[in-house]
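Down below is the structure, laid out as structure tokens.
The values are calculated or read from the model by the stated rules, or taken from the named source; none is laboratory data. What you see is a predicted model, and the numbers here were worked out from it, not measured in a lab. Backbone-built Cβ (ideal geometry, glycine too); neighbour counts: all protein chains shown.
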Amino acid sequence: MKEEQESQKKTEASSKPQPNNNVSPIFCVAMLKNGSTVKIEGKLEELMPTIRDADFSWVNVQVDDLKEEGRNVASMLGFKASVIDELVSQRFSGYNDETSELGLLLPAVHVSKLEVEINKLIILIKSNLIVTIHGEQITRLVKFARYAVTFFKKVPKNLEDVDKISVVLTRILDENNERNFDGIRSIQEQGEEISKYLIETQGFRQQLGSDIYKMKHALISYLEALWASLDVIHYLRYGDAELITDDPIILQKIGMLSTDLTRQISISEQMSSVLASGLEVLQSIYNNQLTILNNRISLLAVWLAILGTAFIVPNTIATVFGTPIGDHVEWHIQLIIVILSTTLSVILAYWIVKKRALVPPKVD
């Protein structure tokens, strides 16, 4: 019985999902010199024979520490470690041309509602090798790797090494840009949710103000990332670097990336203009509500002033009747005098206020 229970426990324990110890996906997609295309996953040391035997290859490495681990990866693959230091020190984008080596830093944008996260993607290039290094937040290249083998097969074999690497680089840049462009969709969706609050003139004031600020901050961060990407593309589109092709057809594709980025920047700036218009509408609503409140307070103050002024006369008369003089006047006559004086005083005070236009206008 005990053996059966222990066996059952072991079975249950083995059926539970085990933690994935291989956190950093490392893979290599290569076109070998014999003409075959392969994709290999594993430790970087295990990929080195394939890289050496490749006509051209793409290596993707995910690291926990972009600077320290990135230096080790670069050194292992034959790059200068100083290239990593130079790129990581930049904020969002970087371009480091060492003639025989080329290093690029690109922003990888992830938008969750109105939270914009900008991660760093490092691309290293030399002769027939292109390397992408990034943190665990970036998964877009892992998804693209599923189709990388097919893409490599379509690269013409009669091209020069620099042309082949440029074709792969263009595809990686395009994949990164497309995933960055997804961010504007998320911001637009949140903008639609926020726009619903603009028709509410009574509630959601604090929430609306906070959401509009978050959307404005998200747009600014997103635009900053797009401009950073455009800077890097501008360095590449003329093929000035030795490791970038001067083939006009491939350069034209890089130019198309620049056009796409410019269009997305234009869309984002248009959204910023719409947001500014929404802020003006919101400000008008608040100003109108504030004017209504001020008018109500002013109207109350005017009526209090009218009543206060109007009752001065009857109060004075009542005080006089409280003296021995009142003994010579019948009580009902005193009452009539007080009522008439109060009524006439109110009418006179209101007429004076109305005549001098002291009553605030009514605002709907």
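Things worth noting here:
- Options LEU124, LEU106, LEU87: the member that is of a type in the set (A, V, I, L, M), in a helix (DSSP H, G or I), crowded, with 22+ Cβ neighbours inside 10 Å and touching a helix residue (DSSP H, G or I) at 6+ places or on another chain (Cβ under 9 Å): LEU87
- Where ALA225 falls short, out of the listed (1) under 20 Å from the mean Cα position of the chain (by Cα); (2) of a type outside the set (S, T, N, Q); (3) at pLDDT below 85: (3)
- Consider region 247-277 and keep the residues that are among the charged types (D, E, K, R) and part of a helix (DSSP H, G or I). The one that is nearest to the chain's Cα centre (by Cα) is GLU269.
- When the residues of region 187-207 are filtered to those that are at pLDDT below 70, part of a helix (DSSP H, G or I) and not polar (S, T, N, Q), the one that is surrounded by the fewest Cβ atoms within 10 Å (Cβ to Cβ) is LYS196.
- You will find that of ILE244, ILE267, ILE249, the residue that is at pLDDT 75 or above, surrounded by 13 or more Cβ atoms within 10 Å (Cβ to Cβ) and under 30 Å from LEU159 (Cα atoms) is ILE244 and no other.
- Hits in region 146-170 - residues which are surrounded by fewer than 20 Cβ atoms within 10 Å (Cβ to Cβ) and among the aliphatic types (A, V, I, L, M): VAL149, VAL155, LEU159
- Filter pass, LEU293 being assigned to a helix (DSSP H, G or I), of a type in the set (A, V, I, L, M, F, W, C), more than 18 Å from TYR350 (Cβ to Cβ) and modelled with pLDDT under 70: no
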